[in-house]
Amino acid sequence: MIVVTGATGNVGRPLTRVLARAGQQVTAVSRHAAAVPDGARHVVADLAEPVGLEPALAGAKALFLLLSGDMHAAGASPADIIGQAEACGVRRVVLLSTQGVATRPFGATRIAMRALEDVLRESGLEWAILRPGGFASNALWWAESIRAQRVVAAPFGDVGVPIIDPADIAEVAAACLLDDRHTGGVYELTGPEVITPRQQAEAIAAALGSPVRFHDLTRDEAKATMAQSMPAELAEDTLTILGSPNPAELRVSPDVQRILGRAPHPFADWAARNIAAFR
């Protein structure tokens, strides 16, 4: 049995679906009651209380660990989740980390994530670490304004990074959970090309068959919006990367191709699959 945390989110949901279709027993964990893909068992649990994960972890052979935004805040103890998994007999953990651990190692949130990676490495468990860059699904932040006004409001309209489709992250995670060859691997996950927010808006417009106007936000305006759904420090870190990506953050990684045997999906594919959110 495999436990997937964050199982109702942009990575966890497709991962749960991929594992269930592969014939795996899957326990989907989320903080609130929610529908999960067919074939999965659902358990409500809060990662902030690792002891409460015991009913989900009992009998599990592997865990996909995705931390919610508040687990990145000061005072959180995500390392306790790894300890709880080990105590419950879990043998393998695949951790969703972040590219910034390598590309910008000195920010507070990335120092904390690096520490969590180190806890996992030293745990005695089998492990793999995934370090994605920006997510294509972050474009869902624009869904309401596109539906209402056909407007994308975002900062740094002409600054691009190689964002990744969460479905590709899910497939890589499934491979790491199921295939011993990926044990001990650290994988940087990006999309196939650098794409700017303005170009993302154009791709959504093409999928809609309707024009979408782009409006540049200031950094402060963007931070105020992002801080409503994540710690302010994490929002600040994210904006720094989006506004001034360094050469490592502009690099298109070969790791998706290496693991899946195919190129990662371009943003246009993600937009076409998710266009209902913008109609």
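Tabulated results
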| quantity | calculated |
| --- | --- |
| Extension gain, ALA79 back to GLN228 (0.36 nm per residue minus Cα-Cα distance, nm) | 51.1 nm |
| Contour minus Cα-Cα distance for ASP180 and ALA33 (0.36 nm per residue) | 49.7 nm |
| Nonlocal amide H pairs with ILE195, under 5 Å, H built at 1.01 Å | VAL161, ILE163 |
| Sequence of TRP142, TRP127 once ranked by neighbouring C-beta atoms within 10 Å, starting from the fewest | TRP142, TRP127 |
| Dipole-positive endmost among LEU177, ALA222, GLN199 within segment 174-270 (Cβ charges, Cα centre) | GLN199 |
| Degrees between helix 12-21 axis and first principal axis of the chain (Cα, 0 to 90, nearest 10) | 60 |
| Neighbour-count order for SER210, SER68, fewest beta carbons within 10 angstrom listed first | SER210, SER68 |
| For segment 110-124, Karplus couplings with θ = phi - 60° (6.51, -1.76, 1.60), whole Hz, Gly/Pro x | 7, 4, 5, 5, 4, 4, 5, 4, 5, 4, 5, 4, 8, 6, x |
| In segment 179-266, GluC sites (Glu not before Pro) in a DSSP loop with at most 16 other beta-carbon atoms within 10 Å | GLU193 |
| Helix-only [θ]222 nm of the chain, DSSP H runs n ≥ 4, -39500 (n - 2.57) each, per residue, nearest 500 | -11000 deg cm²/dmol |
| Local electrostatic count, ALA268, Cβ distance below 15 Å [Lys/Arg +1, Asp/Glu -1] | -3 |
| Least to most buried among MET1, MET113 (fewest other Cβ within 10 Å first) | MET1, MET113 |
| Cα-projected label distance for GLU144 with LYS61, points at 7 Å along beta-carbon direction, nm | 4.4 |
| Positive minus negative residues near THR218 (Lys, Arg vs Asp, Glu; Cβ under 15 Å) | -3 |
| Extension reserve of the ILE275-GLN25 stretch, reckoned as 0.36 nm per residue once the Cα distance is removed | 86.9 nm |
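Only the coordinates and a few stated rules stand behind these numbers; no lab work does. These numbers were taken from a predicted model, which means no experiment stands behind them. Cβ coordinates were reconstructed from backbone atoms using ideal geometry, including for glycine residues, and neighbour counts include every protein chain displayed.
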